[in-house]
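FYI, it's all coordinate maths here, none of it is from the lab. Note that the coordinates shown come from a computational prediction; the quantities given were computed from them, not determined experimentally. Backbone-built Cβ (ideal geometry, glycine too); neighbour counts: all protein chains shown.
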Amino acid sequence: MVIVAGHLTVEPRQRESYLAGCADVVRQAREAPGCLDFALTADLLDPGRVNVYERWESVAAVEAFRGSGPSDDQNAQILGASVAEYDISEVRSLTG
């Protein structure tokens, strides 16, 4: 399993439009083979932060989906990013 997690920074006044522009990407990711979860969300405390969370069956699944990354318009709105990919070897459920 692979988890991609971190955050992006955008202009606070543009965060809602940035997220709205990502809706199709989220939909496509969730329908992609090997995607277990995919979310881009507004941070509750920082008005310029967009939280990134992806969970995939394998690195191959991530790479097959990722392609060229964000569109030029989306990329231009990103002021900074701290996102990493983690290879997970064991999972323990916290919900039963």
- Message: Looking at the chain as a GNM with Cα springs under 10 Å, which of Leu79, Leu45, Leu19 has the largest mean-square fluctuation?
- Response: Leu45
- Item | Spin-label pair Ala32/Leu79, simplified geometry with 7 Å Cα→Cβ offset, distance in nm | 2.7
- Take the alpha-carbon positions of segment 45-96, form their convex hull, and give its projected area averaged over all directions (one quarter of the hull surface) in nm². 5.7
- Message: Using only the alpha-carbon atoms, what does segment 5-53 span along each of its principal axes? Please give whole angstrom values in decreasing order.
- Response: 33, 19, 13
- Zone of Tyr86 (label point 7 Å along Cα→Cβ, backbone N under 14 Å): which residues in segment 27-55? 52-55
- Mean shadow area of the chain, taken as a quarter of the surface of its Cα convex hull (nm²): 6.8
- Gaussian network model of the chain, springs between alpha carbon atoms under 10 Å - residue of Arg15, Arg30, Arg66 with greatest fluctuation: Arg66
- For every helix of n ≥ 4 consecutive DSSP H residues, a contribution of -39,500 (n - 2.57) applies; sum these over the chain, divide by its total residues, and give [θ] at 222 nm rounded to the nearest 500 deg cm²/dmol. -8000 deg cm²/dmol
- the chain, relative contact order in percent, only Cα pairs under 8 angstrom and at least six apart counted: 45
